[in-house]
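Please read the structure below before turning to the comments.
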């Protein structure tokens, strides 16, 4: 694999055996920690995570439920849940609410590492096709664009507009062409609606300084994606 798999561990107990964690840490896996999971609201840029590892420990049944469902609503990462042996009766329920793999907390982390590496290889082999140039990577599976290693999440029409412009960079796409592509209408061009989408798209691209300047308005004609300059070097 060309880059490390990212594992975020949630609710790591203070007295947890660090030697067990060392079984996970290697040249192919990067570990980060958080005490809980809060669903992002206004921040459209999120770090990429391949696996969430939730450690049940002192979490209540409801807390596990809330964390798992919150992750599942906004993430595509694989969720591992480590539960206390006496709570194995809840395994089926946890799987139904979105946990992908539920194992006992005393499971070897070396085993978990092998599972993650194997799943990571499957993700690489079966990952969705990406529309890519040297500036923008567009991922249709979650309606996002990645620029300078930062992922920005878009609405359906924002993503489709950026995809259209990205197909023929440095070429003006007319209002009529955009109208037909977004709404399937050749007539009654919705210039105001298009301008509104462009405005919101630019606002999101501003999260990375200078990138919004790549989206050019061509007066009385339409819009163009200018990739003559690398926006990542504007930073």
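The values are calculated or read from the model by the stated rules, or taken from the named source; none is laboratory data. Here the structure is a predicted model, which means the values were calculated and not measured. Reconstructed Cβ throughout: ideal geometry from the backbone, glycine too, with neighbour counts over all protein chains shown.
Of note:
- Scanning the stretch 76-114 for residues that are closer than 21 Å to residue 26 by Cα, touching a strand residue (DSSP E or B) at 6+ places or on another chain (Cβ under 7 Å) and assigned to a helix (DSSP H, G or I) gives 112, 113.
- Which listed residue is part of a loop (DSSP other than H, G, I, E, B), at pLDDT below 90, within 22 Å of the chain's Cα centre (by Cα) and surrounded by fewer than 16 Cβ atoms within 10 Å (Cβ to Cβ), from 134, 73: 134
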